[in-house]
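Colleague: Before anything else, here's the structure in question.
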Amino acid sequence: MKKIILSIILILCICCCKVTHEKSGERVGKSNMNIPSDVVVIKDSFETSNDLYSSDIEFLVSRNYIGIRYVNEGDTIIEEPVFSLTPNVMKEIHSYGKEVIPYLISHIDMDKNGIAGFVNPYESNLQNMVIGSLLGVNYAYMIDLIMTKDSIMDNVPFGIGYDRWNEKMKPYQIYNQCVIIRKEDKGNPPKSRMTIDDMKTIKAIYNKWWESNKDENLDALRKKWREEGSPLQNSPYMWI
(Lines give C-alpha, C1' and ligand atoms only; values in the text may rest on other atoms or scores of the structure.)
Protein backbone atom coordinates (compact mmCIF):
# COMPACT_ATOMS: atom_id res chain seq x y z
CA MET A 1 0.00 0.00 0.00
CA LYS A 2 2.84 2.40 0.88
CA LYS A 3 4.48 1.83 -2.51
CA ILE A 4 1.17 2.52 -4.26
CA ILE A 5 0.73 5.79 -2.36
CA LEU A 6 4.33 6.78 -3.17
CA SER A 7 3.84 6.10 -6.86
CA ILE A 8 0.70 8.26 -6.91
CA ILE A 9 2.58 11.13 -5.22
CA LEU A 10 5.43 10.99 -7.73
CA ILE A 11 3.08 10.78 -10.71
CA LEU A 12 1.06 13.79 -9.51
CA CYS A 13 4.23 15.81 -8.90
CA ILE A 14 5.80 15.11 -12.28
CA CYS A 15 2.56 15.44 -14.20
CA CYS A 16 1.87 18.83 -12.59
CA CYS A 17 5.30 20.01 -13.74
CA LYS A 18 4.62 18.63 -17.21
CA VAL A 19 1.28 20.42 -17.59
CA THR A 20 2.80 23.73 -16.51
CA HIS A 21 5.55 23.53 -19.10
CA GLU A 22 3.36 22.23 -21.93
CA LYS A 23 1.20 25.34 -21.75
CA SER A 24 4.16 27.44 -22.85
CA GLY A 25 5.55 24.96 -25.39
CA GLU A 26 5.82 25.86 -29.06
CA ARG A 27 5.37 23.53 -32.02
CA VAL A 28 8.92 23.47 -33.33
CA GLY A 29 11.35 21.13 -35.00
CA LYS A 30 14.52 19.83 -33.36
CA SER A 31 16.60 21.77 -35.87
CA ASN A 32 15.18 25.01 -34.44
CA MET A 33 16.12 24.28 -30.83
CA ASN A 34 18.75 26.62 -29.42
CA ILE A 35 21.04 23.88 -28.09
CA PRO A 36 24.85 24.10 -27.96
CA SER A 37 26.69 22.10 -30.62
CA ASP A 38 28.74 20.26 -27.98
CA VAL A 39 25.69 18.95 -26.10
CA VAL A 40 25.75 15.29 -25.07
CA VAL A 41 22.44 13.43 -25.43
CA ILE A 42 21.77 10.94 -22.65
CA LYS A 43 18.95 8.43 -22.39
CA ASP A 44 18.72 7.32 -18.76
CA SER A 45 16.05 4.82 -17.75
CA PHE A 46 17.21 4.45 -14.15
CA GLU A 47 14.45 4.81 -11.56
CA THR A 48 15.30 8.39 -10.59
CA SER A 49 14.46 9.66 -14.06
CA ASN A 50 10.71 9.28 -13.36
CA ASP A 51 10.18 8.84 -17.07
CA LEU A 52 6.53 9.87 -17.26
CA TYR A 53 6.94 12.27 -20.18
CA SER A 54 7.53 9.79 -22.99
CA SER A 55 9.69 6.84 -23.85
CA ASP A 56 11.88 9.16 -25.95
CA ILE A 57 12.95 11.59 -23.25
CA GLU A 58 16.47 12.95 -23.78
CA PHE A 59 18.76 14.51 -21.19
CA LEU A 60 20.91 17.21 -22.80
CA VAL A 61 24.18 18.14 -21.09
CA SER A 62 27.13 20.38 -21.93
CA ARG A 63 29.39 22.78 -20.04
CA ASN A 64 26.84 25.57 -20.59
CA TYR A 65 23.53 23.74 -20.94
CA ILE A 66 21.54 21.19 -18.91
CA GLY A 67 17.99 20.23 -19.84
CA ILE A 68 15.59 17.59 -21.09
CA ARG A 69 13.78 17.25 -24.40
CA TYR A 70 10.75 15.16 -25.28
CA VAL A 71 7.75 15.14 -27.61
CA ASN A 72 4.37 15.45 -25.92
CA GLU A 73 1.05 13.97 -27.03
CA GLY A 74 0.41 16.98 -29.26
CA ASP A 75 3.63 16.37 -31.22
CA THR A 76 5.16 19.44 -29.61
CA ILE A 77 8.84 19.28 -28.73
CA ILE A 78 9.20 20.40 -25.12
CA GLU A 79 12.50 21.56 -23.70
CA GLU A 80 12.86 22.34 -20.00
CA PRO A 81 15.18 22.04 -16.98
CA VAL A 82 16.06 18.59 -15.65
CA PHE A 83 13.37 17.78 -13.07
CA SER A 84 15.56 15.38 -11.05
CA LEU A 85 19.19 14.23 -11.19
CA THR A 86 19.98 10.82 -12.64
CA PRO A 87 23.31 8.96 -12.30
CA ASN A 88 24.37 9.33 -15.95
CA VAL A 89 23.46 13.02 -16.00
CA MET A 90 25.40 13.71 -12.78
CA LYS A 91 28.41 11.81 -14.09
CA GLU A 92 28.42 13.82 -17.31
CA ILE A 93 28.09 17.15 -15.47
CA HIS A 94 30.87 16.13 -13.08
CA SER A 95 33.18 15.36 -16.01
CA TYR A 96 33.30 19.05 -17.02
CA GLY A 97 34.94 20.00 -13.73
CA LYS A 98 35.30 23.72 -13.03
CA GLU A 99 34.21 24.64 -16.58
CA VAL A 100 30.56 23.95 -15.79
CA ILE A 101 30.52 25.79 -12.44
CA PRO A 102 29.56 29.25 -13.83
CA TYR A 103 26.52 27.68 -15.52
CA LEU A 104 25.55 25.83 -12.35
CA ILE A 105 25.80 28.99 -10.24
CA SER A 106 23.72 30.97 -12.74
CA HIS A 107 20.84 28.49 -12.28
CA ILE A 108 20.81 28.24 -8.47
CA ASP A 109 18.00 30.83 -8.27
CA MET A 110 16.01 29.29 -11.14
CA ASP A 111 12.29 29.63 -10.39
CA LYS A 112 11.31 26.07 -11.37
CA ASN A 113 10.01 23.24 -9.20
CA GLY A 114 10.80 19.55 -9.32
CA ILE A 115 12.53 16.95 -7.17
CA ALA A 116 15.45 18.38 -5.20
CA GLY A 117 17.93 16.10 -3.51
CA PHE A 118 17.97 12.31 -3.48
CA VAL A 119 14.57 10.64 -3.36
CA ASN A 120 14.51 6.87 -3.35
CA PRO A 121 11.41 6.07 -5.44
CA TYR A 122 10.86 3.01 -3.24
CA GLU A 123 10.93 5.01 0.01
CA SER A 124 7.52 5.29 1.69
CA ASN A 125 8.54 8.14 4.02
CA LEU A 126 8.94 11.03 1.56
CA GLN A 127 9.37 14.51 2.98
CA ASN A 128 7.59 17.53 1.54
CA MET A 129 10.88 19.40 1.23
CA VAL A 130 12.14 17.28 -1.66
CA ILE A 131 8.99 16.86 -3.76
CA GLY A 132 8.04 20.04 -5.61
CA SER A 133 11.10 21.94 -4.35
CA LEU A 134 13.12 24.51 -6.25
CA LEU A 135 15.46 22.87 -8.77
CA GLY A 136 18.28 25.30 -8.00
CA VAL A 137 19.17 23.08 -5.04
CA ASN A 138 20.30 20.42 -7.52
CA TYR A 139 22.56 22.87 -9.34
CA ALA A 140 24.22 23.91 -6.08
CA TYR A 141 24.61 20.24 -5.18
CA MET A 142 26.48 19.52 -8.40
CA ILE A 143 29.07 22.15 -7.45
CA ASP A 144 29.64 20.35 -4.15
CA LEU A 145 29.85 17.00 -5.94
CA ILE A 146 32.45 18.32 -8.39
CA MET A 147 34.51 19.79 -5.57
CA THR A 148 34.23 16.76 -3.26
CA LYS A 149 34.98 13.94 -5.70
CA ASP A 150 37.98 13.76 -8.03
CA SER A 151 36.18 11.15 -10.09
CA ILE A 152 33.05 9.02 -9.97
CA MET A 153 33.45 5.27 -10.16
CA ASP A 154 30.05 4.02 -11.21
CA ASN A 155 28.96 0.62 -10.00
CA VAL A 156 26.71 -2.21 -11.09
CA PRO A 157 23.81 -2.34 -8.62
CA PHE A 158 22.68 -5.57 -7.07
CA GLY A 159 19.23 -6.64 -5.97
CA ILE A 160 15.98 -4.92 -6.89
CA GLY A 161 13.93 -1.98 -5.73
CA TYR A 162 15.03 -0.08 -2.63
CA ASP A 163 18.44 -1.77 -2.25
CA ARG A 164 19.28 -1.48 -5.95
CA TRP A 165 18.57 2.28 -5.89
CA ASN A 166 20.73 2.84 -2.80
CA GLU A 167 23.64 0.89 -4.27
CA LYS A 168 23.47 2.68 -7.61
CA MET A 169 23.42 6.15 -6.02
CA LYS A 170 26.29 5.64 -3.55
CA PRO A 171 28.99 7.16 -5.80
CA TYR A 172 26.90 10.34 -6.17
CA GLN A 173 25.67 10.87 -2.62
CA ILE A 174 27.87 13.14 -0.49
CA TYR A 175 25.15 14.14 2.00
CA ASN A 176 22.23 12.20 3.44
CA GLN A 177 19.29 13.77 1.61
CA CYS A 178 21.36 16.20 -0.45
CA VAL A 179 19.11 19.17 0.22
CA ILE A 180 19.65 22.58 1.80
CA ILE A 181 17.90 23.72 4.97
CA ARG A 182 18.09 26.79 7.18
CA LYS A 183 20.29 26.08 10.19
CA GLU A 184 17.57 27.40 12.49
CA ASP A 185 15.30 24.61 11.23
CA LYS A 186 17.80 21.81 11.79
CA GLY A 187 15.49 20.08 14.26
CA ASN A 188 12.59 20.22 11.82
CA PRO A 189 13.97 19.93 8.26
CA PRO A 190 10.58 19.66 6.46
CA LYS A 191 9.79 23.16 7.72
CA SER A 192 12.80 24.49 5.82
CA ARG A 193 11.72 24.24 2.18
CA MET A 194 13.79 26.77 0.27
CA THR A 195 12.08 29.86 -1.19
CA ILE A 196 13.24 31.80 -4.22
CA ASP A 197 14.64 34.46 -1.87
CA ASP A 198 16.64 31.77 -0.06
CA MET A 199 18.01 30.55 -3.38
CA LYS A 200 19.03 34.06 -4.42
CA THR A 201 21.00 34.35 -1.19
CA ILE A 202 22.56 30.91 -1.71
CA LYS A 203 23.47 31.86 -5.29
CA ALA A 204 25.24 34.97 -3.98
CA ILE A 205 27.19 32.83 -1.48
CA TYR A 206 28.40 30.42 -4.19
CA ASN A 207 29.12 33.27 -6.58
CA LYS A 208 31.28 35.03 -3.97
CA TRP A 209 33.19 31.77 -3.42
CA TRP A 210 33.66 31.33 -7.16
CA GLU A 211 34.87 34.88 -7.76
CA SER A 212 37.50 34.37 -5.05
CA ASN A 213 38.67 30.99 -6.35
CA LYS A 214 37.97 30.73 -10.09
CA ASP A 215 41.59 31.34 -11.08
CA GLU A 216 42.77 28.23 -9.20
CA ASN A 217 43.18 24.98 -11.10
CA LEU A 218 40.77 22.16 -10.29
CA ASP A 219 43.18 20.21 -8.08
CA ALA A 220 43.90 23.30 -6.00
CA LEU A 221 40.19 24.09 -5.77
CA ARG A 222 39.39 20.61 -4.48
CA LYS A 223 42.24 20.69 -1.97
CA LYS A 224 41.04 24.03 -0.60
CA TRP A 225 37.44 22.77 -0.52
CA ARG A 226 38.43 19.77 1.58
CA GLU A 227 40.27 22.03 4.00
CA GLU A 228 37.61 24.74 4.26
CA GLY A 229 34.35 22.94 3.37
CA SER A 230 31.30 24.13 1.45
CA PRO A 231 30.64 27.90 1.29
CA LEU A 232 27.38 27.26 3.13
CA GLN A 233 29.08 26.26 6.37
CA ASN A 234 29.58 29.92 7.34
CA SER A 235 26.09 30.96 6.23
CA PRO A 236 22.55 30.64 7.63
CA TYR A 237 22.16 27.48 5.52
CA MET A 238 23.48 23.93 5.62
CA TRP A 239 23.43 20.69 3.63
CA ILE A 240 21.78 17.62 5.12
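The values are calculated or read from the model by the stated rules, or taken from the named source; none is laboratory data. As the structure is a computational prediction, the values presented were derived from the model and not from experiment. Positions of Cβ are generated from backbone atoms using ideal geometry, with glycine treated the same way; all protein chains shown enter the neighbour counts. Please note that ligands, DNA and RNA were not included when accessible areas were found on the heavy atoms of the full protein model with its side chains. Shrake-Rupley method; radii C 1.70, N 1.55, O 1.52, S 1.80 Å.
Colleague: Rounded, prolate or oblate for region 92-240? Axes are the square roots of the Cα gyration tensor eigenvalues, ordered a ≥ b ≥ c, and the cut-off for rounded is a/c under 1.5.
Modeller: Cα axes put region 92-240 in the oblate bin.
Colleague: Can you tell me how much longer the chain between M153 and T195 gets when fully stretched, taken as 0.36 nm per residue apart minus their C-alpha distance, in nm with one decimal?
Modeller: 11.7 nm
Colleague: Here's something else I'd like to know. Which residues does the label zone of N64 cover in region 76-120, counting backbone N under 12 Å from a point 7 Å along Cα→Cβ?
Modeller: Zone members listed by number: 100, 102-103.
Colleague: Show me 156-166, 198-208 ranked by packing, highest mean number of other Cβ atoms within 10 Å first. Walk me through the numbers before you get to the answer.
Modeller: Numbers: 156-166: 12.7, 198-208: 18.1.
Put in order of decreasing packing, that is 198-208, 156-166.
Colleague: Where in region 163-179 is the amide nitrogen less than 19 Å from a point lying 7 Å along the Cα-to-Cβ axis of R226?
Modeller: In region 163-179, the label zone of R226 (backbone N under 19 Å from the point 7 Å along Cα→Cβ) covers 171-175.
Colleague: Calculate, for region 200-240, the solvent-accessible area per residue in square angstrom, rolling a 1.4 angstrom probe over the heavy atoms of the protein chains.
Modeller: Per-residue value: 61 Å².
Colleague: Separate question: Anything over 32 Å Cα to Cα? Flag those among K191/K214; K191/K223; K43/K170, in the order listed.
Modeller: Numbers: K191/K214 34 Å; K191/K223 34 Å; K43/K170 20 Å.
Cα-Cα > 32 Å for K191/K214; K191/K223; rest within.
Colleague: Ranked from highest to lowest mean number of other Cβ atoms within 10 Å per residue, what is the order of the peptides 185-191, 228-234, 117-123, 97-103?
Modeller: Output ranking for 185-191, 228-234, 117-123, 97-103: 117-123, 97-103, 228-234, 185-191.
Colleague: Take the alpha carbon gyration tensor of region 145-185, find the square roots of its eigenvalues, order them as a ≥ b ≥ c, and report rounded if a/c is under 1.5; if not, report prolate when a/b exceeds b/c, else oblate. Present the calculation step by step, with values, prior to reporting the outcome.
Modeller: On the way: a/c = 5.78, a/b = 1.46, b/c = 3.96.
Oblate, because a/c is 1.5 or more while a/b does not exceed b/c.
Colleague: A further question on this structure: Using 0.36 nm times the number of residues separating N176 and I160, minus their current alpha carbon distance, what extension gain do you get?
Modeller: 3.7 nm
Colleague: What distance in nm separates the simple spin-label points at D56 and E184, each placed 7 Å from Cα in the Cβ direction?
Modeller: Computed distance between label sites D56 and E184 equals 5.0 nm.
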